[in-house]
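Have a look at the structure below before the remarks.
The values are calculated or read from the model by the stated rules, or taken from the named source; none is laboratory data. Because the structure is predicted, anything quoted here is derived from the model rather than measured. Using ideal geometry, Cβ is built from the backbone for each residue, glycine included, and neighbour counts are taken over all protein chains shown. Protein only, heavy atoms only, side chains kept; ligands, DNA and RNA dropped before computing areas. Shrake-Rupley method; radii C 1.70, N 1.55, O 1.52, S 1.80 Å.
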Amino acid sequence: MTVAYWEEEIETLPRVGLESVQLSRLKNLVARVYKTVKPYRVKMDAAGVKPEDIKTLADLAKLPFTVKEDLRDNYPFGLFTVPLDEVVRVHASSGTTGKPTVVGYTAKDIKTWSNVMARALCCAGATKNDMVHNAYGYGLFTGGLGAHYGIERLGATAIPVSGGNSKRQITIMKDFGSTVLLSTPSYALNLADSMDAMGIDPKSLSLRIGIFGAEPWSENMRDEVERKLNLKATDIYGLSEVMGPGVAQECLHTERGMHISEDHFLPEIIDPDTGEVLPPGEKGELVFTTLTKEAFPIIRYRTKDISRLFYEPCACGRTLVRMEKITGRTDDMLIIRGVNVFPSQVEHVLMGVDGVEPHYQIVVDRDGNLDTMEVQVEVSEGFFSDEIRKLENLNKYIQMEIKDLLGVTCKVKLVEPKTIQRSEGKAQRVIDNRRI
Ligand code: DLL
């Protein structure tokens, strides 16, 4: 197998070289952030650490962590290091309550991201000759536009279909000759089902590579997508707080995880309970520090994603560390059809609705390949005896509010007072019946 690199020198740089690049970038970053962003300065002062204390990569562990709540507390732009007139784009993702977390990019950041994303596409085997069918959602979500700029940077042809309308997607795939498919893995399976329903044999299409991410998926699911879509399926990881898609990408040796673009994103694995840094190969929470971002750099961001880091050489020749497929999360975030959903957001909506009690449960399942979410909530005594029309309106109202705030369509089931099981300890808010 011949390997194509996007930036061979950096992708295959021996560790010493790579670490020296990381260290000099880290020092610059910490000095800049300390000087320009008050919330970082306050936290570093409280921890008794100054930019000059960062002398080696191991000194990173002296710096305080950043968590999603820090973004919320400084909503929307409080953690930006540059004035807004230098910010050329913002994206947002779900926060734990009502407010999204907002991230920003300078023109240079967009360039860096496009380049990193082109590197990811190349790592998966895509070339400038590909027709890249981008079914990640375009909008505030980083998936669509993030991947799009990378496709163009690679010099391939971008087909910006965005998500939804599977039949049309398949017609486009067929007529335009899409060779690379970018989507969530569950949507890829959904497309395979629609193809089947339309009587189209995937072998009659030109698809050859799939670049699937934004939600967890298993090796079994990989086998299924590969078989049903007749392509090689690879995993792509990213998160808006760190940049978006392209933070890490599997090469064609898919056995040992995704290569992290470590010259831009410095990874650590920590014990989620103690915050202690764990040695290579151990499982824990993934933490990232951005080394090159201008508008919204982030220091030691706790992703809540569970993974491991492998530093052994890869058969593809890349020296960039690999992260294991995400095997879980340390919090209760759900990913429903690619949308991040926190139970606390659902609760936030329900608390604002007259006629329901604070007793609820979220049931997540899969209908075919599509995630479904049902919110069961107790209706207040007085309301329950009311006419059906009133209950139906209440149901619709809750659905609408959830759609508005969380961006996800769900079913609502109003249940009689005192029918949702009371807990004796932590309430079990979520029942996830999906098998992935
Ligand atoms: O999901 C960015 C992205 C877009 C990645 C397209 C890949 C492809 P957020 O909406 O901020 O960003 O969600 C980030 O999604 O912390 C993980 O929990 C989860 N996630 C992302 N990629 C993967 C993956 C985008 N390959 C959150 N496997 C992350 C498992 C993933 N989980």
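At a glance:
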{"item": "Inter-site label distance for L252 and S218 at 7 Å from Cα along Cβ, in nm", "result": "2.8"}
{"item": "Principal axes of region 298-436: Cα extent on each, largest first, Å", "result": "68, 33, 31"}
{"item": "Histogram of C-alpha separations across the chain, 10 Å bin width, %", "result": "4, 20, 29, 25, 15, 5, 1, 0"}
{"item": "Burial ranking of peptide ranges 177-186, 353-362 (average Cβ count within 10 Å, highest at the top)", "result": "177-186, 353-362"}
{"item": "Exposure rank, largest accessible area first [E255, E262, E294, E416; 1.4 Å]", "result": "E255, E416, E294, E262"}
{"item": "Sorted peptide list for 140-151, 106-117, criterion being average Cβ within 10 angstrom, highest first", "result": "140-151, 106-117"}
{"item": "Spin-label model distance (nm) - A31 vs E226, 7 Å beyond Cα toward Cβ", "result": "4.8"}
{"item": "Full-extension gain in nm, D367 to F384, via 0.36 nm per residue minus C-alpha separation", "result": "3.2 nm"}
{"item": "In Å, descending, principal axis extents of the Cα set of region 238-366", "result": "61, 35, 28"}
{"item": "Anchor K50: lysines whose Cα lies under 18 Å away (excluding residues fewer than 8 positions away in-chain)", "result": "K27, K35, K38, K62"}
{"item": "Top of A47, A135, A120 by mean-square fluctuation, Gaussian network on the chain, Cα under 10 Å", "result": "A47"}
{"item": "Label point distance in nm, F65-R422, each placed 7 Å from Cα along Cα→Cβ", "result": "3.4"}
{"item": "Per-pair calculated FRET efficiency, R0 = 41 Å: N165 and E19 via Cβ, rounded to 0.05", "result": "0.30"}
{"item": "Cβ-Cβ FRET estimate between S344 and A197, R0 fixed at 30 Å, reported to 0.05", "result": "0.20"}
{"item": "Highest-MSF residue in the chain out of C122, C251, C314 [GNM, Cα springs under 10 Å]", "result": "C314"}
{"item": "Straight-distance crosslink candidates among lysines, where the alpha carbon sits under 30 Å from K128 and sequence neighbours closer than 8 are dropped", "result": "K108, K111, K167, K174, K203, K228, K232, K293, K325"}
{"item": "Ranked by how many other beta carbons lie within 10 Å on average, peptides 234-240, 82-88, 331-337 from highest", "result": "234-240, 331-337, 82-88"}
{"item": "The chain: relative contact order in percent, alpha carbon pairs under 8 Å with at least 6 residues between", "result": "14"}
{"item": "Amide H contacts of T289 (H built 1.01 Å from N, under 5 Å, at least 5 apart or other chain)", "result": "L266, R300, Y301"}
